[in-house]
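S.K.: Provided herewith is a single structure, encoded as structure tokens, for subsequent inquiry.
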Amino acid sequence: FFFSSRRRHTRLQGDWSSDVCSSDLSNGMLVEHVELDSISRWGGLPLGLSLAHNNNFLSFAFVGITENQPDQTKYTYKLEGLDDAWSSVSTKSTASYGNLPPGDYLFRVKAVNSNQVWSKELVYSFTIRPPWWKTWWAYLLYLFIGISRSEEHTSELQSPCNLVCRLL
């Protein structure tokens, strides 16, 4: 599994046997709270990848394998959950997405060779998790705090002494 910057590609080396890992990359960047179910046997892709809200820049590199005129291979891709339409067909074999909002995504890519024969679609799923303050349990906590404050305010107004004191 690689993380990339403009200057270098860095292989993430962590304890892949655990559900959550963190790693210091050789470029000084700390990648934390990477969750995955397993690693695929073919290609070494993390399966069930779930990234923290601040690890939301992804680049995909792909290649179509053909014996006849490999330089003529073209691609189209789409990130479901963000893109409405497929990209234009081109020889570009990378796709980058930055500042992805929290959500579930499907990256889809297809290749076409020089004979106009299309490959099967490759699909890769991953999740960008929301920050803790935007999770369902945080909203539930906000609701309870709001209700308790509302009840405190209501009980203050209903007290006869408080009402008379406020009128004076």
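S.K.: Anything in the stretch 117-138 that is open to solvent by 40 Å² or more (accessible area, probe 1.4 Å), over 17 Å from PHE57 (Cα atoms) and of a type outside the set (S, T, N, Q)? List them, or say none.
M.R.: VAL117, TRP118, LYS120, GLU121, LEU122, VAL123, TRP132, TRP133, LYS134, TRP136, TRP137
S.K.: Residues being closer than 14 Å to GLU80 by Cα and polar (S, T, N, Q): count how many of those fall in the stretch 95-117.
M.R.: 1
S.K.: In addition: When the residues of the stretch 49-60 are filtered to those that are closer than 18 Å to VAL123 by Cα and in contact (Cβ under 8 Å) with a residue 60 or more places away in the chain, which remaining residue is surrounded by the most Cβ atoms within 10 Å (Cβ to Cβ)?
M.R.: LEU51
S.K.: In the stretch 40-47, is there at least one residue being at pLDDT 80 or above and either of a type in the set (A, V, I, L, M) or open to solvent by 20 Å² or more (accessible area, probe 1.4 Å) (or both)?
M.R.: Checked the stretch 40-47: at least one residue is at pLDDT 80 or above and either of a type in the set (A, V, I, L, M) or open to solvent by 20 Å² or more (accessible area, probe 1.4 Å) (or both).
The values are calculated or read from the model by the stated rules, or taken from the named source; none is laboratory data. Only a predicted model underlies this, so the values are computations on that prediction, with no experimental measurement involved. All Cβ positions, even for glycine, are placed from backbone atoms using ideal geometry, and neighbour counts span all protein chains on display. We work out accessible area using only protein heavy atoms, side chains counted, and drop any ligands, DNA or RNA first. Shrake-Rupley method; radii C 1.70, N 1.55, O 1.52, S 1.80 Å.
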